[in-house]
1. Taking segment 25-49 on its own, how many of its residues are surrounded by fewer than 11 Cβ atoms within 10 Å (Cβ to Cβ) and in a helix (DSSP H, G or I)?
2. Give the residue, chosen from 52, 22, that is modelled with pLDDT under 95, surrounded by 10 or more Cβ atoms within 10 Å (Cβ to Cβ) and in a helix (DSSP H, G or I).
């Protein structure tokens with residue numbers, strides 16, 4: 001028994017909305033933690049900050065890098081991660097937050 005394409009499209013639309021809500025919730029949570037850690041006051045390029053976050057994510061995943069899949073991602077991923085500089089104390093102050 002096959003589903004009609006209209007029903008499948010409706011299910012996809014619902015799932016996309018759920019994904020959007022979940023991404024917004026995650027972004028707000030991460031943003032709050034980053035602000036508490038003082039990252040809002042640091043002048044750093046978005047590319048460098050994303051690379052630092054990717055390094056952090058890799059650390060907590062046990063070394064397994066996963067694609068970011070962000071809307072603003074430019075496909076460079078962790079390629080620039082090794083050259084990113086993390087300001088002193090930026091990661092230590094937020095270690096108990098997450």
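The values are calculated or read from the model by the stated rules, or taken from the named source; none is laboratory data. Predicted, not measured: the structure shown is a model, and the values here were computed from it. Every residue, glycine as well, gets a Cβ built from its backbone with ideal geometry; the counts of neighbours run over all protein chains shown.
1. Of the residues in that region, 6 qualify.
2. Numbers: 22 fails: modelled with pLDDT under 95.
Result: 52 is the single residue among 52, 22 that is modelled with pLDDT under 95, surrounded by 10 or more Cβ atoms within 10 Å (Cβ to Cβ) and in a helix (DSSP H, G or I).
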